[in-house]
Amino acid sequence: QRLKAAVHYTVGGLCQEVEQDKEVQFSKQSIAAISEITFRQCEIFARDLEMFARHAKRTTVTVEDVKLLARRSNSLLKYITQKSEELASSNMEQKEKKKKSSAAKGERTPGEQEAAVTENEDSNMA
């Protein structure tokens, strides 16, 4: 119920923006109808995403599932692809910064820690 109210509030705000830009007016009934359609479509999207993940024998919805959902809208698919690539490159940059800062502090990365443990085990066996 709270989610429905949030959708209705957001749709109302968007309609107000359109009213100002396009010099048109939306009745309360049309805003309510748009809100209801939007909410129902989101429910359908959620079920579809869940089914895509389940079909792939996963419990987590991935970006690829979202891209599959958006495949019928070229502009939406392009936008989602662009944003996912931006997020991926941002995550890579953050990981690189983290590695550099831990290396500068003299800390070992997980791979280096594993190698050190293996070295110690090897020397103990000898």
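The values are calculated or read from the model by the stated rules, or taken from the named source; none is laboratory data. On a predicted model such as this, the values are computed, not experimentally measured, just so you know. The accessibility values were calculated without ligands, DNA or RNA, using every heavy atom of the protein model including side chains. Shrake-Rupley method; radii C 1.70, N 1.55, O 1.52, S 1.80 Å.
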- Item | Within the range 81-99, considering residues that are open to solvent by less than 100 Å² (accessible area, probe 1.4 Å) and over 14 Å from VAL63 (Cα atoms), the one modelled with the lowest pLDDT | GLU96
- the range 1-52 - residue that is within 30 Å of GLU64 (Cα to Cα) and either in the same structural domain as ARG71 (by the TED database) or basic (Lys, Arg) (or both) and, of those, least open to solvent (accessible area, probe 1.4 Å): LYS4
- Message: Go through (1) open to solvent by less than 90 Å² (accessible area, probe 1.4 Å); (2) modelled with pLDDT of 95 or more; (3) polar (S, T, N, Q) for ASN74 and report which single condition fails.
- Response: (1)
- Item | Matching helices (runs of 4 or more DSSP H) fully within the range 1-70 where at least 2 residues are modelled with pLDDT under 95, among the aromatic types (Phe, Trp, Tyr) and closer than 30 Å to LEU87 by Cα | none
